[in-house]
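Reviewing the structure listed below.
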Amino acid sequence: FSDPASNLGLEDIIRKALMGNLEERQE
Amino acid sequence: NRMHLVCPMNTSAHVDPHKSGHEVWEEFSQSFTPAVREVVEFAKKIPGFRDLSQPDQVSLLKAGTFEVLVVRFASLFDVRDRTITFLGGKKYSVDTLRAMGAGDLLNSMFDFSEKLTNLGLSEEEMSLFTAVVLVSADRSGIENVNSVEALQETLIRALRSLITKNHPNESAIFTKLLLKLPDLRSLNNMHSEQLLAFKVH
C-alpha cells in the first residue's frame, strides 16, 4: 500500500484537474 | 454489523446498509472529489508550480493533497465542543465517532486543528503555509528535486517574511508553523494506514 493516492483514484482526479479537464471521473 | 464512515470528507457517517461496497465507495469518492479538485486549482495558482514538470506536479499533489485538506478543513473540528462537522453539514461528537470506530487519528487531528487555529493566522498566511505544505522536495517520486527545492525555499522565505511583518512581536509563530510540517506527515501516515484497513475491510 505504498501509493494510497492511486488506490483512492486521486491520481486520476489530479491529472484531469491539472490538464483542465473537469469532467466527471469515468469508471 | 452496521458500517460507519468516520472521515469528515463524507456527507454523513451513516452508511445505507442496502448499498453495496462499490456504491458506498463511489458515494465517498463523489464527496471528496470536489475538494481534491480545489486543491489542484489552488496548486495551479502557486507562483512557479506550473513551471515544475507535470510528473512532479502530480507527485506533489498525490503525496500532499491529504495534508492540504487537513489544513483547509481544520475549521470542521470544533475543539471547544469536541465535535466534527462533516462535508454534508452533519455534526458529530468525538464520543459518537469513537463509538463508530474512530481511533487515534481522530484525536491527533483534533490536536493538530487546535494548535493551528490557536496561531490565529490570516487567510493570506494560511494560503502561503498551505503552499509550503504542498511543495515539499522530499516527497516520493520527485524527478527534479532541485526545482522543487528551489520553489519550496522561495515559498518558505515568503512565509517567513509575511509572518514577521504581520506578527513582529511573535517571532515563534514561524517556527511553530514549520513544526506543523512533520505533524502533518505523521497524520498522513496514520491516514494511509486507516485507508488500507478500510480497503481491506
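Values quoted throughout were computed directly from the atomic coordinates according to the rules given, and no laboratory measurement underlies them. Please read these numbers as outputs of a predicted model, since none were measured by experiment. Glycine also receives a Cβ, built like all others from the backbone with ideal geometry; neighbour counts cover every protein chain displayed.
Brief remarks follow.
- Residue satisfying all of: in region B:121-146; of a type in the set (Gly, Ala, Ser) and in a helix (DSSP H, G or I); surrounded by the fewest Cβ atoms within 10 Å (Cβ to Cβ) among these: B:Ser127
- Residue within region B:71-78 that is closer than 25 Å to B:Leu134 by Cα, more than 11 Å from chain A (Cβ to nearest Cβ) and surrounded by fewer than 16 Cβ atoms within 10 Å (Cβ to Cβ) present: yes
Residue-wise test of (1) of a type in the set (Ser, Thr, Tyr); (2) farther than 20 Å from B:Asn189 by Cβ.
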| site | (1), (2) |
| --- | --- |
| B:Ser53 | yes, yes |
| B:Leu60 | no, no |
| B:Phe66 | no, no |
| B:Ala74 | no, no |
| B:Phe77 | no, no |
| B:Arg98 | no, yes |
| B:Ala102 | no, no |
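- Region B:157-201, subset farther than 18 Å from B:Asp138 by Cβ and acidic (Asp, Glu), residue nearest to the other protein chains (Cβ to nearest Cβ): B:Glu193
- Residue count for region B:84-111 satisfying the condition of being part of a strand (DSSP E or B), surrounded by 17 or more Cβ atoms within 10 Å (Cβ to Cβ) and β-branched (Val, Ile, Thr): 1.
- Single residue of B:Arg157, B:Arg185 found to be in a helix (DSSP H, G or I) and more than 14 Å from the chain's Cα centre (by Cα): B:Arg157
- Yes/no for B:Phe66 being surrounded by 18 or more Cβ atoms within 10 Å (Cβ to Cβ) and within 14 Å of chain A (Cβ to nearest Cβ): yes
- The set of residues in region B:1-58 being over 30 Å from B:Glu143 (Cα atoms), under 17 Å from the mean Cα position of the chain (by Cα) and among the aromatic types (Phe, Trp, Tyr) consists of B:Phe28 alone.
- Subset tally (residues that are among the hydroxyl-bearing types (Ser, Thr, Tyr) and in a helix (DSSP H, G or I)) for region B:14-58: 3
- Residues that are assigned to a helix (DSSP H, G or I) and of a type outside the set (Val, Ile, Thr), drawn from region B:160-175: B:Arg160, B:Ser161, B:Leu162, B:Lys165, B:Asn166, B:Ala172, B:Phe174
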